[in-house]
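Have a look at the structure below, then the notes.
The values are calculated or read from the model by the stated rules, or taken from the named source; none is laboratory data. Being a predicted model, the structure only gives us computed values, none of them experimental. Here the Cβ positions follow ideal geometry from the backbone for every residue, glycine too, while neighbour counts run over all protein chains shown.
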Amino acid sequence: MNTLSTYLFECLYFLESEELYLLEIKRNDLNEYAAVAEKFQWLRIEKANLEIAKLSFRAMDSSKEVEERFFEEGFLKFTTATGTYIEKYNSAQHSLINNSQQEIPAAVLDSVYSMLQKK
């Protein structure tokens, strides 16, 4: 990852399944008055083509063991090791590995950087 993308955002959570990545990013390039929904974003990235879709955050719950995020597009539940993302209407369910402590593939970071530059 280049220094410009490091300045632009940081990754808070990085979860992975066979088909997709789920990332929570914090935008560092916005001013202090920017909306929380703009500063913190959840992204769903297809592994096959690195297509990015923003998830519409609705609510969260967290305990010592489990984190839960509710989106318009589905529901995410995860621990420090694993997780599950269930798409809206239970149209698909994805078993996830929490790779938040691992390095994110450069191609994924480049895709996120490119998406943010287009805004």
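From ILE45, ILE25, grab the single residue that is of a type in the set (A, V, I, L, M), in a strand (DSSP E or B) and in contact with a Cys (Cβ under 9 Å, 6 or more places away or on another chain).
Of ILE45, ILE25, the one residue that is of a type in the set (A, V, I, L, M), in a strand (DSSP E or B) and in contact with a Cys (Cβ under 9 Å, 6 or more places away or on another chain) is ILE25.
Looking only at the stretch 71-84, decide whether some residue is farther than 25 Å from ARG27 by Cβ, assigned to a strand (DSSP E or B) and over 14 Å from the mean Cα position of the chain (by Cα).
yes
Hey, among the residues in the stretch 19-51 that are over 10 Å from the mean Cα position of the chain (by Cα) and in contact (Cβ under 8 Å) with a residue 60 or more places away in the chain, which one's surrounded by the most Cβ atoms within 10 Å (Cβ to Cβ)?
Residue satisfying both the conditions and the ranking: LEU20.
Against the conditions (1) of a type in the set (S, T, N, Q); (2) surrounded by 17 or more Cβ atoms within 10 Å (Cβ to Cβ); (3) without any contact (Cβ under 8 Å) to a residue 12 or more places away in the chain, where does SER63 fall short? Just the number, please.
SER63 satisfies all of (1) of a type in the set (S, T, N, Q); (2) surrounded by 17 or more Cβ atoms within 10 Å (Cβ to Cβ); (3) without any contact (Cβ under 8 Å) to a residue 12 or more places away in the chain except (2).
Filter the stretch 85-118 down to the residues that are in a strand (DSSP E or B) and small (Gly, Ala, Ser) and list them by number.
SER95
Can SER56 be described as out of contact with any Ser or Thr (no Cβ under 8 Å at 6 or more places or on another chain) and at pLDDT 95 or above?
Considered against the rule, which asks whether it is out of contact with any Ser or Thr (no Cβ under 8 Å at 6 or more places or on another chain) and at pLDDT 95 or above, SER56 comes out as yes.
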